[in-house]
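Report on the structure given below.
Laboratory data are not the source of any read-out in this text; all were calculated from the coordinates shown. Please read all numbers here as calculations on a predicted model, not as lab measurements. Cβ placement follows ideal geometry from the backbone for every residue including glycine, while neighbour counts extend to all protein chains displayed.
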Amino acid sequence: MPEIKRPQTIAAAHGVARDAAFGAVAPPVYLTSSYAFDGFDLPRAHEYSRTSNPTRDQLARTLALLEGGAGAVVVASGMAAIDLVLSRLSPGERVVAPHDCYSGTRRLLELRAAKGQFDLSFVDEADTEALGEALAARTKLVLIETPSNPLLRVVDIAAIAERAKHAGAEVAVDNTFLSPALQNPIALGADFVIHSTTKYLNGHSDVVGGAVIAAKAEDVAELSAWANATGVTGSPFDAYQTLRGLRTLFPRVERQQQNAAAIASFLSCQSQVAAVHYPGLATDPGHEIATRQQRGFGAMLSFEITGSMETVAGFLESLNVFTLAESLGGVESLIAHPATMTHSGMSPQARQDAGINDTLIRLSVGLEAEADLIEDLAQALYHATI
């Protein structure tokens, strides 16, 4: 059979109708914890499911194909995926991370650095001078998050990767916000791609998981060995559900970003909205880079409402279609207030430095009717600001 190259087909059909036992169209889920040996000192392809599992391996192969990597390691959460990449660091080596990264990532980095695992610098990676100074300080890993969470800031992956490689550093890109449907960091020079598979890859808000895709086979082997040693590999059933969700990744994201673009345009015209952060807007500071390195602008956006925390509360409590909840990437539309929810773990000063103010609101746009979503935002803005 010819090799499948188009990503839409990989997502929808990789592994389909390959069951040798019964000819099942959908890849089966293997829930066993252990596997029988063929005989004394004759292990089969799998021995124990913490180490390897057919269902988890199927998801890993599919993700590696979608991201253009040599392989992938599927783990229990997005944070476990980031920690797996950090496991490569040794004391005295430096991690350069975005100053406006997800607060969970920031927390993990600070906790690991406090234990002396590595040195740490938070940098505005769009500031070429600041990035150059950080790279000069024995940097081993540059962590990139683009678009950023929650301000949707975009940085140039290829340019940063080139500078990092020149300084002897590796590059890991958190691609959760866009997924391989819209961006492939390895093709832009990244060594590792990180995903919270909880989000767009699964797409149904019913699984927690993560994955790391590596550009080099030797890095895949090292990460796999460490994941096995620490026991952070994902469960077979979670892998099965994630693979099932992955089948519809491309049509989901296509529709979701259509809705998001319409919402961004609507919000940018409202007097109750002080600012809209969405790279798909031609006026957005990241629009040019996003146009160059992405295949679309995604379904995440944030905006700043005019008023106070009381205005924000009134707006959020007036919504009917959007659900006030953390996480993102599901088929349903979610809304979050970063200062009190997703980024509450950051100090007020750190939030201020990152540009996350108290009136910032983040949207994860789902598959509902565009008109219903816009009408819901319109009526909530009206009731919150009258």
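Odds and ends about this structure:
- About its Cα centre, the dipole of region 105-220 is roughly 300 debye, where the only charges are +1 on Lys and Arg Cβ and -1 on Asp and Glu Cβ.
- Angle in degrees between helix 249-267 and the longest Cα principal axis of the chain, rounded to the nearest 10: 10
- Lys/Arg +1, Asp/Glu -1 at C-beta; the chain dipole; positive extreme among T32, G68, S327: T32
- The chymotrypsin sites (Phe, Trp or Tyr not before Pro) of region 18-52 that meet both conditions, a loop assignment by DSSP and at most 13 other Cβ atoms within 10 Å of the site Cβ, are F22, F37, F40.
- Local electrostatic count, R138, Cβ distance below 11 Å [Lys/Arg +1, Asp/Glu -1]: 0
- The Cβ shell under 11 Å around Q8 holds other residues with a net charge of +2, Lys and Arg each +1, Asp and Glu each -1.
- 0 to 90° range, to nearest 10: angle between helix 103-114 axis and the chain longest Cα axis: 60
- Along the axis of the charge dipole computed for the chain (Cβ charges of +1 for Lys and Arg, -1 for Asp and Glu, origin at the Cα centre), the listed residues T51, A274, I289 are led at the positive end by T51.
- Reducing region 148-177 and region 50-90 to their Cα centroids gives an inter-centroid distance of 19 Å.
- Dipole check for the chain: with +1 at the C-beta of Lys and Arg, -1 at the C-beta of Asp and Glu, and the Cα centre as origin, the magnitude is about 860 Debye.
- Semi-axis lengths (Å, descending) of the ellipsoid that matches the C-alpha gyration tensor of the chain: 35, 26, 18
- Applying both filters, DSSP loop and at most 15 other Cβ atoms within 10 Å, to the trypsin sites (Lys or Arg not before Pro) of region 132-221 gives R138, K216.
- Farthest toward the positive end of the dipole of the chain, out of Q379, I356, G15, is the Cα of G15, where the dipole comes from beta carbon charges about the Cα centre.
- The chain: angle of helix 157-166 to the longest principal axis, Cα-based, in degrees nearest 10: 60
- Centre separation in Å (Cα based) which lies between region 214-279 and region 363-386: 23
- A Cβ-based charge dipole, computed about the Cα centre of region 249-385 with Lys and Arg at +1 and Asp and Glu at -1, lands at about 420 debye.
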